Every structure is written in structure tokens, then in C-alpha cells.
1. Measuring from centroid to centroid over Cα atoms, what is the spacing of the stretch 199-214 and the stretch 62-133 in Å?
2. What does the helix-only formula give at 222 nm for the chain: each DSSP H stretch with n ≥ 4 adding -39500 (n - 2.57), the total divided by the residues, and the result rounded to the nearest 500 deg cm²/dmol?
3. If neighbour count is taken as other Cβ atoms inside 10 Å, put 123, 35 in order from fewest to most.
4. Could you give P(r) for the stretch 119-170, binned at 5 Å from zero, as whole percent values over all Cα-Cα pairs?
5. Please order 88, 170, 30 by the number of other Cβ within 10 Å, starting at the fewest.
6. Identify which of 46, 162, 28 has the largest mean-square fluctuation in a Gaussian network model of the chain, with springs joining Cα atoms closer than 10 Å.
7. Quote the Stokes-Einstein diffusion coefficient, in whole µm² s⁻¹, for the stretch 68-140, based on the Kirkwood radius over alpha carbon pairs, a temperature of 20 °C and a viscosity of 1.002 mPa s.
8. Got a sec? How would 141, 105, 86 order by Cβ neighbour count within 10 Å, fewest to most?
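No value in this document is a laboratory result; all are computed from the given coordinates. In this text, all values refer to a predicted model and were calculated from it rather than measured experimentally. Positions of Cβ are generated from backbone atoms using ideal geometry, with glycine treated the same way; all protein chains shown enter the neighbour counts.
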């Protein structure tokens, strides 16, 4: 399922969300300009490596928790992450405010990294990508807008289907898929590194962090539901 847009309208311009997207895109364009050897060095240096972080738990390695959030492994990795952030991030920022949203986003990424390190402490494979932080945004969205709907593209053999899916169902299904993939990865070989190259538990950790932190960062004036936030197509 490919989300196209949601039914929630933001009151304020999502400046911080746009800046996060722009920052990720600019950094990826820099990555794309590098040779394979240079790119490998960049990923190895600024990616999150659990075994290295635990062996040298200082600022030099701790910094990679943040730097890894702004690196991506390819065009599809970047586009899929930024598209989801574009759809769900603006509304979460609207309810938190620009500064609160940035802190929330970064803390979500930190929680995702912690979950990944906890599950794969011996991993020597660099982990990169914004998906952990974006998972936190999705968790927050689920709490803040449980009545929203997501226009979704479902590829078909002849014609694609465009249907509105409740956000609760769409995000809930996504989270369950991440959880089951993470559990399967552990049962498969005890490490996410050997199953699909995806840090499933980073997604799970980020999402749970979003669920737990959202009310801490929500602005008081938005603590009550506003019916006019939802609109039909």
C-alpha cells in the first residue's frame, strides 16, 4: 500500500518538516556525488554501528546516533522515507510547534537507535536512515489523529485501486508488519543484519517512543479534539 495523502489539514506552515526533508535531500545529493569508496567511508564513519558504539561509548561514537538519521542508502530509501514524513509530519508539527517537533523527531530517532543497539549489540554493520524518527512521527500521528483517513494506492494487475483507509488501520497494519518482521529476524538468526537488511527494531522502538512522548510535546491549546481538522475529499 502506498499512502498518497491524508484527510487532516494543518493550521500552520510545517516549516520544520520541510527543513528536515530538505536537509535529508541535500545530504543525499552530496552522497550521490561521491565515489563508491568515498560513500563507503562516509557511511562507515557516520552510520550507527552498535558494536563500535558500545565499545567506545563516547561523544565521537554517540554522535553517530544523530548523523546516521540523515544518511540514506539509495534513491528509494530516501524517497519512501521523505514521502511518509511529508504526509504525516506536517500535522504532527502543527500540534507540537516547530521547536517541539524538532526535539520530538530527534528523540524518536535516538529511541529507535537505542532499540536497534539493544537487539543487535554485536552488529558491525552501519545503520543509516530517517525511518526510526519517522516511525516516531507515525506513532504520534496515530495518537493525535485517530479519526483521520489515508488515501492509499493499492497496485492491481489491471488497474490500481485508490481507497481511503482509516489511519488507525493503515498505521496499525504497518506497525504489526514491522513487529512481526523483527520477531522473525530474531528467530531467523538472532540479528536483523541477516534478514532483509532492515533495522526492524529501530522502527518498532521509534514508533513506541512516538506513542509515549506525543502528549509531552503536544501544545496545550491543541489538547482537545477539533472536528474541523478532518475534511472530505
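1. Spelled out, the Cα-based centre of one part sits 10 Å from the other.
2. On the way: 10 runs with 142 residues, N = 233.
Computed ellipticity for the chain at 222 nm equals -19500 deg cm²/dmol.
3. On the way: 123 22, 35 8.
Listing 123, 35 from fewest to most nearby Cβ atoms yields 35, 123.
4. Per 5 Å bin, starting at zero, the Cα-Cα P(r) for the stretch 119-170 comes out as 5, 15, 15, 15, 14, 12, 11, 9, 3, 0 percent.
5. 30, 170, 88
6. Of 46, 162, 28, the Gaussian network model singles out 162 as fluctuating most.
7. 168
8. 86, 141, 105
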